[in-house]
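Each remark here refers to the structure printed beneath this line.
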Amino acid sequence: TTCSARILRQDGSGWRFLSFTRPVGSSQLTKLSFYFQLSSLPGDVYLDDISLVIGDTPGVGENVLANAGFEEPLEPAWSIGALATNSVITTEVAHSGASSAHIIFTPGGLSLNNFSQSFPSLTPGTNYTLSFWYLGGSSGTNFSFRLNTFFTGSIDPRPPRSTPGAPH
């Protein structure tokens, strides 16, 4: 079952915060992947302050991810596959710290290896919370994350549409 992630808040500069909590199932998971579901189209998004912690509270506890604030080079912590080789650390925008990751996908076959990180195994059957700040790039919809079939979700990273007269 796939659950949509919840966007909890915005910070006024366009960055949006996502939090996703689920049990990780029975397998010992060792890899988090990010990808665009419509792999025949290009897509890009900025990511910052990614956290994967045990429990139901975003960012509380030990983060199993390395270089999750993108203050160091992407590799070796993050694995970059063929469709994401244009991805970079940028200082042009950041939610916190000096930099963020600009994840850039070119069209091609769907793969869970184009932007991912491997880590020590998680505790099976336990709730984990993935959270991160993201800023929409110039293209792409259905930006997705996946640990396994139990722990997967997607968002539309495009900026929210403005509705005249509605609160923002």
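The values are calculated or read from the model by the stated rules, or taken from the named source; none is laboratory data. Model, not experiment: these values are computed from the prediction. Glycine gets a Cβ as well: all are built from the backbone with ideal geometry, and neighbour counts include every protein chain shown. The accessibility values were calculated without ligands, DNA or RNA, using every heavy atom of the protein model including side chains. Shrake-Rupley method; radii C 1.70, N 1.55, O 1.52, S 1.80 Å.
Per-atom-type breakdown for the chain gives carbon and sulfur 52% of the accessible area (1.4 Å probe, protein chains only). Here the dipole of the chain is about 560 debye; that uses its Cα centre as origin and unit charges on the Cβ of Lys and Arg (positive) and Asp and Glu (negative).
Amide H to amide H, with H built 1.01 Å from N, Ser79 comes under 5 Å of Ser116, Gln117, Ser118, counting only residues 5 or more places away or on other chains.
Considering only Ala94, Leu135, Val24, the residue lying farthest towards the positive end of the dipole of the chain is Val24, judged by Cα position with unit charges set on Cβ. When the inverse distances between all different Cα atoms of the stretch 82-136 are averaged and flipped, the Kirkwood radius reads 13.9 angstrom. Taken over the stretch 53-168, the alpha-carbon convex hull comes to 153 cubic angstrom per residue.
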